[in-house]
Amino acid sequence: MAEIQVREKSKRPHISRPIFERTFNINSEQAIRVIRNSYNRLMVSLYAIDVILRIIGREETVDEIESIVGQMIAECAEQLQQEKLRLEKLKADNGITETPTYTHPREFVAKIASPQIAQFVELIRLLDQLMIVMDTLWLCQVISNKHCIDARYQWQQRLQRLANKIVTMERHAHQAAYEQGHGEEVRLARQESGLLAEPERISEDEDSMVDDNELSPSSEKVGDQ
């Protein structure tokens, strides 16, 4: 019995945290790529920032970072919304009422673990809506092949660059914790929280990189979408 009690004391319990699970259908390849390339990494980084900053006694900085992240996402959302409204007007002006279906939509199960994750999920959904309007205009020959290719790529990259900035914040917070002598505390907390011992690093030129299955706008063929 004593041995069992010792084992129970030495075992770190899992932390029970609140989340929402929301399921969405995502149609466009660009929104699917943002989910595949950035969503999980962003979720981990936002959680890790919170864990690290509370360990080093800078809880006020958590609120500051949350505010910064929220503002960055809101600015991107506003730009997406403005472009979507512009293209919807172009669609209406041309008397287009059709909406395309997509050959390989994906079901996206979003785990909302923080308000910032909820904001980014809505950003992905807004990107998907923008791509649908854009694809409609392309299929109806209102916008050109080249314009559509370039715009798809640029909007997708805008969201991925935003996610990369947040991941970089995690790396800086992690480094600061070690410099202040909290390295072992951070390591144990990350382990207990199911995080990697070290934050994922982003190379200097990753902002402009896409995954191996993607094509740059100079070589992409719309027919392959």
- Item | Matching residues, region 124-142, being assigned to a loop (DSSP other than H, G, I, E, B) and among the β-branched types (Val, Ile, Thr) | Val142
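Which of the residues that make up region 101-123 are out of contact with any strand residue (DSSP E or B) (no Cβ under 7 Å at 6 or more places or on another chain) and in a helix (DSSP H, G or I)?
Kept after step one, since they are out of contact with any strand residue (DSSP E or B) (no Cβ under 7 Å at 6 or more places or on another chain), are these residues of region 101-123: 101-104, 113-117, 119-120, 122-123.
If the condition is that a residue be out of contact with any strand residue (DSSP E or B) (no Cβ under 7 Å at 6 or more places or on another chain) and in a helix (DSSP H, G or I), then Pro115, Gln116, Ile117, Gln119, Phe120, Glu122, Leu123 are the ones that fit.
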- Item | Options Val62, Val44: the member that is part of a helix (DSSP H, G or I), of a type in the set (Val, Ile, Thr), in contact with a helix residue (DSSP H, G or I) (Cβ under 7 Å, 6 or more places away or on another chain) and surrounded by 12 or more Cβ atoms within 10 Å (Cβ to Cβ) | Val62
- Message: Quick check on my filter: what residues within region 140-183 are aliphatic (A, V, I, L, M) and open to solvent by less than 30 Å² (accessible area, probe 1.4 Å)?
- Response: Ile143, Ile149, Ala151, Leu159, Leu162, Ala163, Ile166, Val167, Ala173, Ala176, Ala177
- Query: So which residues in region 100-126 are of a type in the set (Phe, Trp, Tyr) and open to solvent by less than 30 Å² (accessible area, probe 1.4 Å), if there are any at all?
  - Reply: Phe108, Phe120
- Look at Glu98 and say whether it is over 15 Å from Asn27 (Cα atoms) and not in a helix (DSSP H, G or I). yes
- Task: Run down Glu83, Glu88, Glu75 and say which single residue is surrounded by fewer than 18 Cβ atoms within 10 Å (Cβ to Cβ), within 16 Å of the chain's Cα centre (by Cα) and assigned to a helix (DSSP H, G or I).
- Result: Glu75
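The values are calculated or read from the model by the stated rules, or taken from the named source; none is laboratory data. These numbers come from a predicted model, not from an experiment. Ideal geometry is used to build each Cβ from the backbone, glycine not excepted, and the neighbour counts take in all protein chains shown. In case anyone asks, the SASA skips ligands and DNA or RNA and just uses the protein heavy atoms, side chains included. Shrake-Rupley method; radii C 1.70, N 1.55, O 1.52, S 1.80 Å.
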